[in-house]
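**Student:** Below is a structure I'd like to ask you about.
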Amino acid sequence: MLRNADLESSVLSSPETLPLYSIERIAQSPVLVVAPHPDDECLGCGGAIALLQSLGCNVQILVVSDGAMSHPNSHKYPAAVLRSLRAAETQSAMQILGIEASHIQFLGLPDGAVPTPEDPGFDEAVLACWRYLEAIAPQVIFLPWRQDPHADHRATWQILQAALQQSHSGISTALRILEYPIWDWDLTQRGDGLNPEMVNAWRLDIQTVVELKQEAIAAYRSQTTELIDDDPQGFRLSADMLKHFSHPWEIYLENQP
Ligand SMILES: [Zn+2]
């Protein structure tokens, strides 16, 4: 994938120029939000989740990987403990946004190794998602941006895309797919796929719930604080990165060619 070709040509370099719409633009039900890691649903779509929930939409959350690689060297939080912690954090975060635990599904794929079509495990993951999609029958799906710099995000998009292509029933023909950027916000990683001539990007107004979204993000204590303090290589969302998810709007990409 090409990287850093022309950062100024990204829709993320001047987001305030993108059109701003209200939640009515996408208020259909059921809604499915797909997160590659436990926290992406909150960072990328927390405002949309809270607003759709408040309108009475049936909002379902699918967390694809187990998040167990964020602190691989921690003795206090070995993989099994970290996996449980991150699932509990998702439940806390979603509770803040009004989503019940029964509306959250954890696929449990390995963090850092979500399978691509070339990998073993891809077909099984597609099948699991296909079954899930048939049961939920969403009208709107939020997916990670297909060219996100993080491989797990791209693989998640591929799994869901393959599952959607296999669905003949249960999925609406009017299905709306919205993609949300995460790691393209980081200038050191930003790809060149978000060229305004290539993507239809717009902003969702989340002004009324932006504080609630910040509260929900803070529920991911393992990712935003020094909670796990025995792994110097452990992952932590930087203040700079978190700033991008504190705006009174969220960015969505739609109708990719
Ligand atoms: Zn992620």
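**Student:** Can you tell me which residue is farthest from the ligand (Cβ to nearest atom) among those in the range 46-70 that are β-branched (Val, Ile, Thr) and in contact with a Gly (Cβ under 9 Å, 6 or more places away or on another chain)?
**Tutor:** The first filter runs over the range 46-70 and keeps only residues β-branched (Val, Ile, Thr), leaving 49, 59, 61, 63-64.
Subset that is in contact with a Gly (Cβ under 9 Å, 6 or more places away or on another chain): 49, 59, 63-64.
On the way: Ile49: 16, Val59: 19, Val63: 10, Val64: 9 Å.
Restricting to residues being β-branched (Val, Ile, Thr) and in contact with a Gly (Cβ under 9 Å, 6 or more places away or on another chain), the top hit is Val59.
For (1) at pLDDT 95 or above; (2) under 25 Å from Ile177 (Cβ atoms), each residue gets a yes or a no:
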{"residue": "Val33", "(1), (2)": "yes, yes"}
{"residue": "Gln60", "(1), (2)": "yes, yes"}
{"residue": "Asp66", "(1), (2)": "no, yes"}
{"residue": "His71", "(1), (2)": "no, no"}
{"residue": "Ala93", "(1), (2)": "yes, yes"}
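**Student:** Right, next: Tell me the helices (runs of 4 or more DSSP H) entirely within the range 173-256 that contain at least 2 residues that are modelled with pLDDT under 95.
**Tutor:** Working: elements: 210-218, 221-224, 239-243.
Passing ranges, in order: 221-224, 239-243.
**Student:** Looking only at helices (runs of 4 or more DSSP H) that lie completely in the range 67-172, which have at least 2 residues being surrounded by 14 or more Cβ atoms within 10 Å (Cβ to Cβ) and over 18 Å from the mean Cα position of the chain (by Cα)?
**Tutor:** Values: elements: 79-96, 122-136, 151-166.
Helices (runs of 4 or more DSSP H) meeting the threshold: 79-96, 122-136.
**Student:** Check Leu43, Leu2, Leu7, Leu20 and return the single one that is more than 16 Å from the ligand (Cβ to nearest atom) and modelled with pLDDT of 95 or more.
**Tutor:** Working: Leu43 fails: more than 16 Å from the ligand (Cβ to nearest atom); Leu2 fails: modelled with pLDDT of 95 or more; Leu7 fails: modelled with pLDDT of 95 or more.
Result: Leu20 is the single residue among Leu43, Leu2, Leu7, Leu20 that is more than 16 Å from the ligand (Cβ to nearest atom) and modelled with pLDDT of 95 or more.
**Student:** Can you pull out the residues in the range 213-257 that are among the acidic types (Asp, Glu) and either within 15 Å of the chain's Cα centre (by Cα) or farther than 29 Å from Pro78 by Cα (or both)?
**Tutor:** Residues satisfying the conditions are Glu250, Glu254.
The values are calculated or read from the model by the stated rules, or taken from the named source; none is laboratory data. Note that the coordinates shown come from a computational prediction; the quantities given were computed from them, not determined experimentally. Methodologically, a virtual Cβ is constructed for each residue, glycine included, from the backbone with ideal geometry; neighbour enumeration extends over all protein chains shown.
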